[in-house]
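Structure record follows, encoded as structure tokens.
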Amino acid sequence: MKRYQKILRPGGKIHLKTDDVTLYDYSCNVVQESGLPLIANTHDLYSSQLLENIPNFTTYYEESHLKNQKTIKYLCFELTRID
């Protein structure tokens, strides 16, 4: 998170899309433990209504995972000051 702080202005949003359950769960825990504002969260982006309301582009890897019927997890949170 501290690396993100160097790049992103305070109050900026992080949009994380991944097929990796471990990365998703870890990120959710870090957001919760850090007390960061959670904006959106889903275990399956493409079967949720969130897809209609987020900036969306599909990467090469995401397309590959979708073709292999993997679910894409999504997490959006606001970056505030972490000490």
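When residues in the stretch 43-60 are screened for being of a type in the set (Val, Ile, Thr) and over 16 Å from Phe77 (Cβ atoms), 2 of them pass. The set of residues in the stretch 33-83 being among the charged types (D, E, K, R) and modelled with pLDDT of 90 or more consists of Glu33, Asp44, Lys73, Glu78.
Does Lys73 qualify as being within 12 Å of the chain's Cα centre (by Cα) and basic (Lys, Arg)? Walk me through it before giving the result.
On the way: within 12 Å of the chain's Cα centre (by Cα): yes; basic (Lys, Arg): yes.
Spelling it out, Lys73 is indeed within 12 Å of the chain's Cα centre (by Cα) and basic (Lys, Arg).
If you go through the stretch 1-43 and keep only what is part of a loop (DSSP other than H, G, I, E, B), without any contact (Cβ under 8 Å) to a residue 60 or more places away in the chain and either open to solvent by 50 Å² or more (accessible area, probe 1.4 Å) or over 27 Å from Gln69 (Cβ atoms) (or both), you end up with Arg9, Asp20, Gly35, Leu36, Pro37, His43. In the stretch 49-58, the qualifying residues are those that are in contact (Cβ under 8 Å) with a residue 24 or more places away in the chain and assigned to a loop (DSSP other than H, G, I, E, B), and the one that is least open to solvent (accessible area, probe 1.4 Å) is Ile54.
The values are calculated or read from the model by the stated rules, or taken from the named source; none is laboratory data. Values in this document were obtained by computation on a predicted structure and should not be read as measured data. Note: ideal-geometry Cβ built from the backbone for every residue, glycine included; neighbour counts use all protein chains shown. What goes into the accessible areas is simple: the full protein's heavy atoms, side chains included, and nothing from ligands, DNA or RNA. Shrake-Rupley method; radii C 1.70, N 1.55, O 1.52, S 1.80 Å.
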